[in-house]
1. So what is the relative contact order of the chain, in percent, for Cα pairs below 8 Å that sit 6 or more residues apart?
2. Considering the options THR68, ALA12, LEU28, tell which one lies farthest towards the positive end of the dipole of the chain, charges being +1 on Lys and Arg and -1 on Asp and Glu at the Cβ, about the Cα centre.
3. Could you work out Rg/(2.2 N^0.38 Å) for segment 32-83, with Rg from alpha carbons only?
4. Report the semi-axes of the equivalent ellipsoid for segment 1-45 in whole Å, largest first, where each axis is √(5λ) for an eigenvalue λ of the Cα gyration tensor.
5. Which translational diffusion coefficient, to the nearest whole µm²/s, is obtained for the chain from the Stokes-Einstein equation, given a Kirkwood hydrodynamic radius over C-alpha pairs, 10 °C and 1.306 mPa s?
6. Quick one: dipole size for the chain, taken about the Cα centre, charges +1 on Lys/Arg Cβ and -1 on Asp/Glu Cβ, in debye to the nearest 20.
7. Could you give each residue of segment 35-45 its phi-based ³J(HN,Hα) in whole Hz, using Karplus coefficients 6.51, -1.76, 1.60 with θ = phi - 60°, and x for Gly or Pro?
Amino acid sequence: QVQLVESGGGLAQPGGSLRLSCAASENLFSIDTMAWYRQAPGKSRELAAAIVRNGDTHYADAVEGRFTISRDFAKNTVYLQMNSLKSEDTAVYYCNERVTPDVYWGQGTQVTVAS
């Protein structure tokens, strides 16, 4: 059974940083795409960042230049480093794994940016 366990959420001040972690139960080499989505209150879930098998990354315009997605094959873990946080980054962040045609989700971790 595929499991994605997120950690690292919490409260940060505007301009601050947080790092999210997503530990996968599978070897990252077998996964097509790992991604972080986020869902703010009253809004639809949206893609924040993704990393594909060959290492290419993709970022939403809203986080480009501030967020960095990376992975550690030895730990089967994907990270989202979030810098220069803004209040509009407040959301539940979900780890996503795609092994075509299947898609798996983590339970989500809350990120709140407030002074």
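1. 37 percent
2. ALA12
3. Rg over 2.2 N^0.38 Å, computed on Cα atoms: 1.16.
4. Equivalent ellipsoid of segment 1-45: 25, 15, 10 Å, largest first.
5. Calculated translational D: 113 µm²/s.
6. The calculated dipole for the chain is roughly 200 debye.
7. Residue by residue, segment 35-45 yields 8, 10, 10, 9, 9, 8, x, x, 10, 7, 5 Hz.
A short reminder: the numbers here are calculations on the coordinates, not readings from a lab. Bear in mind the structure is a predicted one, so any value in this text is a computation, not a measurement. Cβ atoms come from the backbone with ideal geometry, glycine included; neighbour counts cover every protein chain shown.
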